[in-house]
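Every number in this text was worked out from the coordinates using simple rules, so none of it is lab data. Because the structure is a prediction, the values reported are computed rather than measured. Virtual Cβ from ideal backbone geometry, glycine too; neighbours counted across all protein chains shown.
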There are 2 protein chains.
Amino acid sequence: MTPDAARPLTGVRIVEISSFVAVPLAGMTLAQLGAEVIRVDPIGGAADYHRWPLTDSGESIYWAGLNKGKRSVAADMRSPDGQDLVQRLIADSGVLITNVVGRQWHSYEALTRLRPDLIHVEISGRADGGTGVDYTVNAAIGFPMVTGPAELAAPVNHVLPAWDVACGVYAALAVVTALRHRDATGHGQQICIPLENVALATAGNLSFLTEVMINGNARERIGNSVYGQYGQDFTSSDGASFMVVALTGRHFRDLTELTGTTKAVVALADTLGADFSDEGERYRHREALTGVFTEWFSAHTGEEISAALRQTSVLWDRYRSFAETITGESVTTNPMFTTLSQPRIGEYLAPGLPMSIDGSYPPAAPAPALGDDTAAVLGDWLGLSPEEIGALTESGAVA
Amino acid sequence: MTPDAARPLTGVRIVEISSFVAVPLAGMTLAQLGAEVIRVDPIGGAADYHRWPLTDSGESIYWAGLNKGKRSVAADMRSPDGQDLVQRLIADSGVLITNVVGRQWHSYEALTRLRPDLIHVEISGRADGGTGVDYTVNAAIGFPMVTGPAELAAPVNHVLPAWDVACGVYAALAVVTALRHRDATGHGQQICIPLENVALATAGNLSFLTEVMINGNARERIGNSVYGQYGQDFTSSDGASFMVVALTGRHFRDLTELTGTTKAVVALADTLGADFSDEGERYRHREALTGVFTEWFSAHTGEEISAALRQTSVLWDRYRSFAETITGESVTTNPMFTTLSQPRIGEYLAPGLPMSIDGSYPPAAPAPALGDDTAAVLGDWLGLSPEEIGALTESGAVA
């Protein structure tokens, strides 16, 4: 097959043995780039097949959201026959992505005997081999102790499983990088991505760990302020909340002009001996500056504030609930979203891949139901006859 | 050059015109995979060159953290001579990654005239072309309204710029996918990744938007509970906090046995008419369950709790501060971290790429200072003579 621009991974086959977020997201991303991705699950489904949120009739919206555009094979992976079939699918595809660790039969060592140039990407919990999920990894790194209102002492978890998301995209990157390497050299690769290492590398890259090593002091809890810059939330007279960020001198001047506080801010700088042309000084004195700006925000409605901010260079947005977001133009007029008719779930606006390629977004495709493609994949990939597939189904090796 | 396994992008050249997080992270990730990445900055540095945290002598730890392993060229990109040189570098490399939008001279249209098979990856703020940064994009989606203690009404920002991080890894994925596509077809690609779309796609993929579209109701603020599962934080008798997650029936049984509450939990199920073999039921009745478990946690020290949890299948970790994390084994004995001697900053444990390839982690390399490689790159890539480079420096086109 010749890859086309919008589906550059056309012709690539990938087997996924997974549950939860990171590996399913990796597989979905690769499918959206054109790969044929087979998610292989135990008969009855993996631990995420009934994960909340559910529809009124008990179908998992969650599962459908992270498996769009894949094909589904269900096999009894505890039986020798089931393991053998899945091994043959992996050997045929040449790529396995998995977060099911510690299974000898689909280890790199076992599988490279069948397919020497295999690409084997395994996501684990902790770097030392221990188990971990997003919420426990996050607890162990440090972010929950600096999230939330400054007066809090207790940890605040993130709601977005940010480490799973980043880890899933790293896994997709690992697969494509290894595919390109194999194209050039003929060699496969064994890639391991501990979720904990994604979190630790990010915390290091973004200085949260490094500043303690170098300066000896750690980030404090600063509420909704942006560290090292002037960024703050404000509330309007009618209760709308805004996030406002001034990264540059121009942003900051626009903010003082908008709020009619240019002279007051100059006077404040004199009083404090501060130089507000320096971003660090704006950060150090953020509480005083916020005091000066707050009056304007609390004297105007959300509509007035939005209209006024729109005329400036200031970076801002209004805080929205998820319910508001889905009715807003960022969703309803966004070419990344297309109407998806998802069997068992219904019709909804589904996001495709968040990148446009040569001007168009690879759109979303429906998720399969468990085992939807078992017979077709065993026939197409392994050349099994309907009789052979029937016998395997009868014996309980597949479903 | 023949790519080796641990540096699969060896031989790839990339020009980066960037600031802040997403594109610098993309460039650094590609450099850690073996690419030669030239970050081109304005003379004096881009808006992130002095970003906090700083060392005592005023060097940006932040900038050093996100530009490891790159080379640095400084050019006057407002001057025709500077623009011409940078265009020639991009044409030579064949890959541009940038978040500096709206500059005609490095647009896809302008650059493909010089290099028809260019790979051009641009990260913008909002999908509609408006500006946005992580903290404003996050405000507009919905997560801050469901983060933090249930009794709060105000938004709670994340501290981790999660959208920037995901966007940066998507950008690296876009580059490698396009490189493989170009290898196969000879064609370049134009890729656009609005930061807002990374956030919206993720919120959709993870059901936060979809459940409102399908079920009509949105996620509530549930503090540190894990939605749809039993996951909760607890505090020990000596004030240590723990995150505890029971995804499976086995995890949950282990948790009741550990806390000596197996009989109490059975009695609670009878009283409530609940079936705790169902993860949704465990979630619905999480407050009652937490009440039952809390006594054991508050009667034991952090040490005792850690020792006991270690004997079970339960997913858990102790909440740590960044200062605790850097002295723990997850950093000090982790092969992803190596001692980096970073000019101007000092010696510290720096993370490499968070994936091991064939058993080893691509290690961290120092970040350059601004303009460190200007002369070498103009000489090596464009074949300029020392005299020509001297004249360009003299005229202020480069530094």
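Given the rule -39500 (n - 2.57) for each run of at least 4 DSSP H residues, summed and divided by the residues of chain B, what is its mean residue ellipticity at 222 nm, to the nearest 500 deg cm²/dmol? Kindly include the intermediate steps, with their values, before the conclusion.
Details: 17 runs with 164 residues, N = 399.
About -12000 deg cm²/dmol.
What does the charge add up to near B:D317, with Lys and Arg as +1, Asp and Glu as -1, over the other residues with Cβ less than 10 Å from its Cβ?
Summing Lys/Arg as +1 and Asp/Glu as -1 gives +2.
Would you mind listing the distances between the A:R88 label point and the same position in each other copy? Use 7 Å along Cα-to-C-beta, nm, one decimal, shortest first.
From this label point to the equivalent ones elsewhere in the assembly: 6.0 nm.
Restricting attention to the stretch A:198-286, which GluC sites (Glu not before Pro) occupy a DSSP loop and are surrounded by at most 13 other Cβ atoms within 10 Å?
In loop regions of the stretch A:198-286 (DSSP not H, G, I, E or B), the sparsely surrounded GluC sites (Glu not before Pro) are A:E220.
Can you list the aspartates and glutamates whose alpha carbon is less than 12 Å from that of A:K68, not counting same-chain residues fewer than 8 positions off?
A:E36
Compute a Gaussian network model of chain B, connecting alpha carbons closer than 10 Å, and tell me which residue from B:A91, B:A308, B:A74 fluctuates the most.
Maximum among the listed residues: B:A308.
So for chain B, averaging the separation of alpha carbon pairs under 8 Å that are six or more residues apart and normalising by length, what relative contact order in percent results? Each step should come with its number before you reach the end.
Working: 683 pairs, mean separation 74.5, N = 399.
Contact order relative to length: 19 percent.
Taking the label point 7 Å from Cα in the Cβ direction, how far apart in nm is A:R344 from each other copy of itself, listed shortest first?
Here A:R344 shows inter-copy label distances of 5.5 nm.
Read phi for every residue in the stretch B:253-268 and hand back ³J(HN,Hα) as whole Hz from Karplus 6.51 cos²θ - 1.76 cosθ + 1.60, θ = phi - 60°, with x for Gly and Pro.
Ordered by residue, 3J(HN,Hα) equals 4, 4, 5, 5, 5, 4, 8, x, 10, 4, 5, 4, 6, 4, 5, 5 Hz.
Take every residue in peptide A:180-190, count the Cβ atoms of other chains within 10 Å of its Cβ, and give the average of those counts.
Values: counts 11, 12, 1, 3, 6, 5, 0, 5, 2, 5, 5.
So the per-residue partner count for this stretch is 5.
Please find the FRET efficiency linking B:D275 to A:T327, where r is the Cβ-Cβ separation and R0 is fixed at 30 Å, and quote it to the nearest 0.05.
Calculated transfer efficiency: 0.25.
For the stretch A:95-176, take the alpha-carbon Rg, divide it by the Kirkwood Rh, and send me Rg/Rh.
The Rg/Rh ratio comes out at 1.13.
Using a label point 7 angstrom from Cα along Cα-to-C-beta, what distances in nm, from shortest up, separate A:Q104 from the other copies?
6.8
Could you work out the per residue convex hull volume over the alpha carbons of chain A, in cubic angstrom?
Roughly 185 Å³ of hull volume per residue.
Residues with amide H under 5 Å of A:Q342's amide H, sequence separation 5 or more or different chain, H placed in the peptide plane at 1.01 Å from N; which?
Those qualifying (amide H under 5 Å, at least 5 residues apart or on another chain) are A:E347, A:Y348.
Just name one of B:T261, B:A139, B:C192: the one whose Cα is farthest towards the positive end of the charge dipole of the protein assembly as shown (beta-carbon charges, Lys/Arg +1, Asp/Glu -1).
Value: B:C192.
If you count, for every residue in A:275-285, the Cβ atoms of partner chains within 10 Å of its Cβ, what is the mean?
The per-residue average across the peptide is 1.
Calculate the length of the line joining the C-alpha centroid of the stretch A:161-210 to that of the stretch B:355-391, in whole Å.
The stretch A:161-210 and the stretch B:355-391 have Cα centres separated by 23 Å.
Tell me the net charge near B:E109. Cut-off is 14 Å between Cβ atoms, B:E109 excluded, with +1 for each Lys or Arg and -1 for each Asp or Glu.
Local net charge: +1.
Apply the Kirkwood formula to the stretch B:248-336: the hydrodynamic radius equals the inverse of the mean of 1/r over all pairs of different alpha-carbon atoms; give it in Å with one decimal.
Roughly 14.8 Å, rounded to one decimal.
Quickly work out the A:T10-to-A:T248 label distance, labels modelled 7 Å from Cα along the C-beta direction, and quote it in nm with one decimal.
Rounded to a tenth, the inter-label distance reads 4.1 nm.
Filter the trypsin sites (Lys or Arg not before Pro) in the stretch A:49-96 to those in DSSP coil with at most 11 other Cβ atoms within 10 Å of their Cβ, and list the result.
Numbers: sites: A:R51, A:K68, A:K70, A:R71, A:R78, A:R88; in loops: A:R51, A:K68, A:K70, A:R78.
For trypsin sites (Lys or Arg not before Pro) across the stretch A:49-96 that sit outside H, G, I, E and B with at most 11 neighbouring Cβ atoms in 10 Å, the list reads A:R78.
What FRET efficiency comes out for B:D183 versus B:V266 if R0 is 60 angstrom and r is the Cβ-Cβ distance? Round to the nearest 0.05.
Once rounded, the FRET efficiency stands at 0.45.
How big is the protein assembly as shown in terms of Cα radius of gyration and Dmax, in angstroms?
My reading of the Cα-based Rg and Dmax gives 26.2, 87 Å.
Enumerate the amide H contacts of A:I119 below 5 Å, restricted to partners 5 or more residues apart or on another chain; note that Pro and chain-start residues carry no placed amide H.
A:V95, A:L96, A:Q189
Write down, largest first, the equivalent ellipsoid semi-axes of the stretch A:1-123 in whole Å, where each equals the square root of 5 times an eigenvalue of the alpha-carbon gyration tensor.
The answer is 23, 20, 11 Å, longest axis first.
Can you tally the net charge around B:V23? Count Lys and Arg as +1, Asp and Glu as -1, for every other residue whose Cβ sits under 11 Å from the Cβ of B:V23.
Summing Lys/Arg as +1 and Asp/Glu as -1 gives -3.
Among DSSP beta bridges whose residues both lie in chain A, state the antiparallel percentage, nearest 5.
The answer is about 50 percent antiparallel.
Counting only other chains, and only Cβ atoms inside 10 Å, what mean value do you get across the residues of A:23-35?
The per-residue average across the peptide is 2.
If the viscosity is 1.567 mPa s and the temperature 4 °C, what translational diffusion coefficient in µm²/s does Stokes-Einstein give for the stretch B:211-287 when Rh comes from Kirkwood over Cα pairs?
Diffusion coefficient, whole number: 94 µm²/s.
Taking the stretch A:93-192, which trypsin sites (Lys or Arg not before Pro) meet the DSSP loop condition and have no more than 14 other C-beta atoms within 10 Å?
Answer in residue order: A:R103.
Quick check: from the Cα gyration tensor, does the stretch A:307-378 come out rounded (a/c under 1.5), prolate or oblate?
prolate
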